[in-house]
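The values are calculated or read from the model by the stated rules, or taken from the named source; none is laboratory data. No experiment lies behind these values; they were computed from the predicted model shown. Virtual Cβ from ideal backbone geometry, glycine too; neighbours counted across all protein chains shown. The protein model used for the area step is the full one, side chains on, heavy atoms only, and it has no ligands, DNA or RNA in it. Shrake-Rupley method; radii C 1.70, N 1.55, O 1.52, S 1.80 Å.
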Amino acid sequence: MNDARKPLREDVAPAAIIEDVRPSVDSGRFAAKRSMGDKIVVSADGFAHGHEKVACELRYRGPGEEAWQTMPMEFLGNDRWQASFTADRLGLWQYRIACWIDPLASWREDFARRIDPEDLRLAAKVGAELVALSAARAKGTERERLSSLARQMSEGKDAATLRALAQDEALFNIARRNASRDAASETGAFPVVVERERARFSSWYELFPRSAGSTPGVHGTFVDVEERLDEIAAMGFNVVYLPPIHPIGRTKRKGKNNAPIGNPGDVGSPWGIGAKEGGHTAIHPELGTLADFKHLLRSARLRKMEIAMDIAFQVTPDHPWVKEHPEWFRKRPDGSIQHAENPPKKYEDIYPIDFDTRDWKALWQALHDVIAFWAREGVEIFRVDNPHTKPFAFWEWLIAEIRREHPAAIFLSEAFTRPRAMHRLAKVGFSQSYTYFTWRVTKKELTEYFTELTQEDSREYFRPNCWPNTPDILPYHLQKAPLTMFRVRLLLAATLAANYGIYGPAYELGENLPRESTSEEYLESEKYEIKAWDRKRADSLAPFIAKVNGIRNTHPALQSDWSLAFHETDNEQLMCYSKVEGADRILVVVNLDPLRAQAGFVTLDLEALGVAANAPFTVLDELSGERYPWRGARNFVMLDPARAPAHVFSFEA
């Protein structure tokens, strides 16, 4: 914990107080998150007893540095101080704040209020003594200049001369810089982890490699995925996420539609990891070789894209670890290994790893070595399956260890669970987190949730990554829904959040049939079979997705989260919000009703948008190319979902 009461010298009682340091996550227990090139703005309350004035200083250092760089903090008023530095390297940065009583500043303020000439001369002598103390600590020309100032203040008779001496900013700044700070208080170090820009802004496209081929029913390969990269890049995505690429177990392998007993020829779930061919560092032989995979990584980079790898720490009965390390798995009373279950459901094809094993150190190291193996092969983005079912301490250790050698590594937490658990995972190191966006539908739900994500203190460490669907989740509002609903949900995810993703072909083709009415599982789920997607279908959403991602990639305002602001509408089916980055301003108006046209007035916060009251301005709809002349805060909007689900406005100069 950071304790700002500790003085720098044990023989001097602490006097200055430091409070409300920002950015801070749990008083410095965890790191705040920033991206490469960000200006890290640090602020705190600094004050002392009575009318004493204080000075504050920011001290910071970058990854691997021992020495602290220093800079004075600016006084903002009401005891608040601020300074900033730019994070120009990946890794763990640290900062701390020092605060001390500033007798010279207190003296100058007091001196400026005095009127009586004799009173001024006496006060000047007090100031001269303070300046002389600074001179004794100074060196070279600074000592000479301060000594001269002290003499003039002590000997001066003329009130005007004394006032002029007291107002010499340059000399008094030198005096303050050399003044004693023996009674200073200093905080402990506050951490800030600086990650790549892609941790802040990314567009994910998930696809199953085995369904990437062009021949129905034939197992796809990495080569097939590579042939699809241009198509995915044309839609504007920069991360291609692959479900597990490892050998799939055969014992108790699931059949189509998650049938408990598979048939010969069933391919099983990619999350059923481990077979005679190997485990978590092996590749499913029908996908290709390690060389093929590395070629895919390089091909993606040439297109300014990356391959994200799925990390699922669970095994099948056929995984090599089951025989090599039986102590890593929980036993039932009959001596057999406990399979996964969620009563009344049983998952006999999966063995959970027992993190309570006495051999936990070896287990942790083996799991670390899995990620380290793929990081060495060139993977820099990892989507982690169900991390909330493993100890938080494990993830804190593992992520820190991986980043020591691979500071560019990005981790996405797939934890659809309780809020506190999701937030703890973000605190211990996950770069991005899945969210509840998948189930937030109404204007009220979306506004409240994204206000929480972007304006509350949790934004310092919790980076949302919003998905309208996943292979596991076909939410009820997308079940048997028209393509207009798919357009609405994609546009919301892509403009409310800087990080978002879709489960690929299923989304662009509007896959909307559940396995049963009470389930969020897809009918004929791709998790259990090879799918033949008709990606050339006339009603594919690919052109719309490309348009939305093109807007995201062009406008910096949509590439971060914190500027999100909501604007009033008089129709609950119309939602309006904006984002701003420098001169770039984006205003989005969405029709949440996928079936009917909706109309109403939006009332803009003109100050937030940088628009003068009652001034005319022109907005350009980036989706349609149409321009609209607007004036003032209140303007009319009509949106027909058959034509367009939203306006995405930029502001013309």
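Evaluate E = 1/(1 + (r/R0)^6) for E516 and A362, where r is the Cβ-Cβ distance and R0 equals 41 Å; express this FRET efficiency to the nearest 0.05.
Values: r = 43 Å, r/R0 = 1.04.
Approximately 0.45, to the nearest 0.05.
Stokes-Einstein at 10 °C, 1.306 mPa s, Kirkwood radius from Cα pairs: D for the range 1-159 in µm² s⁻¹?
Working: Rh = 18.2 Å.
For the chosen part, D equals 87 µm²/s.
Just to confirm, what accessible area per residue do you get for the chain at 1.4 Å probe, in whole Å²? Write down the numbers at each step before the final one.
Working: 28810 Å² over 653 residues.
So the chain comes to 44 Å² accessible per residue, rounded to a whole number.
Helix by helix, which DSSP H runs in the chain go 15 Å or more along their axis at the Cα atoms and have an average Kyte-Doolittle hydropathy of 1.0 or more? Display every interim value, and only then the final one.
Numbers: long enough: 103-113 (16 Å, -0.83); 117-137 (30 Å, 0.39); 140-155 (23 Å, -1.23); 222-234 (19 Å, 0.08); 290-302 (18 Å, 0.09); 360-376 (24 Å, 0.29); 392-405 (21 Å, 0.05); 443-455 (17 Å, -1.14); 483-496 (20 Å, 1.51); 542-554 (18 Å, 0.12).
Qualifying helices: 483-496.
Under 20 Å from a label point 7 Å along Cα→Cβ of D79: give me every residue in the range 167-188 with its amide N that close.
Residues passing the 20 Å test: 183-188.
Under the Kirkwood approximation for Rh and a Cα-based Rg, what ratio Rg/Rh is obtained for the range 468-548?
That ratio equals 0.94.
Kirkwood Rh, the range 102-225, all Cα pairs: how many Å?
19.4
With each label point set 7 Å from Cα along the Cα-Cβ vector, what nm distance links N257 and R303?
Using points 7 Å along Cα→Cβ, the separation is 3.4 nm.
Compute the distance in nm between two label points, each set 7 Å from the Cα along the Cα-to-Cβ direction, one at R163 and one at R330.
Going from the R163 label point to the R330 one covers 8.1 nm.
Given N residues in the range 205-364, what is Rg(Cα) / (2.2 N^0.38 Å)?
My calculation over the Cα atoms of the range 205-364 gives 1.15.
Sorted by mean Cβ packing within 10 Å, highest first, what order do the peptides 359-370, 428-439 take? Provide the component values of the computation, followed by the final result.
Working: 359-370: 15.0, 428-439: 22.5.
Descending mean neighbour count gives 428-439, 359-370.
Please go through the range 354-409 and write out the GluC sites (Glu not before Pro) that DSSP classes as loop and that have at most 15 other C-beta atoms within 10 Å.
Values: sites: E377, E380, E396, E401, E405; in loops: E377, E380.
Filter output for the range 354-409: E377.
Within the accessible area of the chain, what % is carbon and sulfur when the probe is 1.4 Å and the other protein chains stay in place? Present the calculation step by step, with values, prior to reporting the outcome.
Working: 14540 of 28810 Å².
So the carbon and sulfur contribution to the accessible surface is 50 percent.
Extent of the range 312-383 along each principal axis, from alpha carbon coordinates, in Å, largest to smallest?
42, 26, 20
Taking N as the number of residues in the range 206-282, what is its alpha-carbon radius of gyration divided by 2.2 N^0.38 Å? Numbers along the way, then the final one.
Numbers: Rg = 14.0 Å, N = 77, 2.2 N^0.38 = 11.5 Å.
That works out to 1.22 for the range 206-282.
Give me the extension gain from Y436 to K345: residue separation times 0.36 nm, minus the current Cα-Cα distance, reported in nm with one decimal.
Values: separation 91, 0.36 × 91 = 32.76 nm, distance 2.43 nm.
Gain on stretching Y436 to K345: 30.3 nm.
What relative contact order, as a whole-number percentage, does the chain give when Cα pairs under 8 Å and 6 or more residues apart are counted? Mind showing how you got there, number by number?
On the way: 1350 pairs, mean separation 67.9, N = 653.
10 percent.
Enter the per residue convex hull volume of the range 188-227, computed from alpha-carbon coordinates, in Å³ rounded to the nearest integer. If you can, show how the numbers build up before the last one.
Values: hull volume 4.5 nm³, N = 40.
Here the figure is 112 Å³ per residue.
Only residues of the range 629-645 count here: report those whose backbone N is under 13 Å from the spot 7 Å along Cα→Cβ of T618, or say none.
From the range 629-645, the list is 629-630.
Apply the Kirkwood formula to the range 335-435: the hydrodynamic radius equals the inverse of the mean of 1/r over all pairs of different alpha-carbon atoms; give it in Å with one decimal.
Values: mean 1/r = 0.0676 Å⁻¹.
Mean inverse Cα-Cα distance, inverted, gives 14.8 Å.
In percent, what relative contact order does the range 431-520 have, based on Cα pairs under 8 Å that are 6 or more apart in sequence? Let's see the in-between values first.
Working: 92 pairs, mean separation 28.9, N = 90.
RCO, the range 431-520: 32 percent.
When the C-alpha atoms of the chain are aligned to their principal axes, what extent does each axis show, in angstrom, from largest down?
Between the extreme Cα coordinates on each principal axis of the chain lie 105, 67, 44 Å.
Kindly provide the helix-only [θ] at 222 nm of the chain, computed as the sum of -39,500 (n - 2.57) over DSSP H runs of four or more divided by all residues, to the nearest 500 deg cm²/dmol? Intermediate values should be presented prior to the final figure.
Values: 17 runs with 190 residues, N = 653.
It comes out at -9000 deg cm²/dmol, rounded to the nearest 500.
When 1/r is averaged over all different Cα pairs and the result inverted, which Kirkwood radius in Å belongs to the range 148-198?
Numbers: mean 1/r = 0.0671 Å⁻¹.
After inverting the mean inverse Cα-Cα distance, the result is 14.9 Å.
For the range 530-604, treating each Cα as an identical point scatterer without solvent, what Debye log10 I(q)/I(0) comes out at q = 0.13, 0.14 1/Å?
For the range 530-604, the Cα-only Debye profile gives -0.57, -0.64.
Are there any trypsin sites (Lys or Arg not before Pro) in the range 449-539 that are in a DSSP loop and have at most 16 other Cβ atoms within 10 Å? List them by number.
Details: sites: R459, K480, R487, R489, R515, K527, K531, R535, K536, R537; in loops: K480, R515, K527, K531, R535, K536, R537.
Those satisfying the criteria are K480, R515, R535, K536, R537.
Are there chymotrypsin sites (Phe, Trp or Tyr not before Pro) in the range 504-567 that DSSP puts in a loop and that have at most 14 other Cβ atoms within 10 Å, and which ones?
Values: sites: Y507, Y522, Y528, W533, F544, W562, F566; in loops: Y528, W533, W562.
For chymotrypsin sites (Phe, Trp or Tyr not before Pro) across the range 504-567 that sit outside H, G, I, E and B with at most 14 neighbouring Cβ atoms in 10 Å, the list reads W562.
Write down the percent of antiparallel bridges among all DSSP beta bridges whose residues are both part of the chain, to the nearest 5. Working shown, then result.
Values: 78 of 109 bridges.
Antiparallel: roughly 70 percent of the beta bridges in the chain.
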